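The values are calculated or read from the model by the stated rules, or taken from the named source; none is laboratory data. Just so it is clear, the structure is predicted and the values come from calculations on it, not from any experiment. Cβ sites come from the backbone with ideal geometry, for glycine too, and all protein chains shown count toward neighbours. Just the protein is used for accessible areas: all its heavy atoms, side chains included, with ligands, DNA and RNA removed. Shrake-Rupley method; radii C 1.70, N 1.55, O 1.52, S 1.80 Å.
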Amino acid sequence: ETDNRSLYGWWGLNSTVTNGKVHRHQEKNDIKHYAELTLILKCDEQLIQLEHHRTRRVLEIAIDVTICPLPWKIVVELPTYGDCVRIISSSRDE
């Protein structure tokens with residue numbers, strides 16, 4: 001566990017990280033090697049989402065900007081050594 005209050009994200013699909021603290025849930029961890037995930041940062045809505053394509057699950061974490069103003073630090077645990085994250089696109093609604 002970390003004490004970094006600006007850290008948000010997921011440790012697999014069964015644990016969330018909010019305000020730097022890990023919260024474990026009962027859901028099954030479905031992130032496997034070569035899984036396709038989409039991470040969406042909705043800064044204006046103070047929300048981050050993680051979409052797991054195979055299971056069609058969409059997970060959300062609301063961010064309290066009074067506790068954690070921008071910039072946020074996002075974490076997503078990858079299950080296998082050598083896995084990576086690629087930024088495919090970046091956009092902002094005007």
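Structure data summary
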{"item": "Qualifying residue in segment 22-41 (condition: within 19 Å of Asn4 (Cβ to Cβ), in contact with a helix residue (DSSP H, G or I) (Cβ under 9 Å, 6 or more places away or on another chain) and open to solvent by 50 Å² or more (accessible area, probe 1.4 Å))", "result": "no"}
{"item": "Qualifying residues in segment 68-90 (those that are free of Cβ contacts under 8 Å to residues at least 60 places away in the same chain and either open to solvent by less than 100 Å² (accessible area, probe 1.4 Å) or not in a loop (DSSP other than H, G, I, E, B) (or both)) - the one nearest to Leu7 (Cα to Cα)", "result": "Pro69"}
{"item": "From the options Val22, Val65, residue that is part of a strand (DSSP E or B), modelled with pLDDT of 80 or more and β-branched (Val, Ile, Thr)", "result": "Val22"}
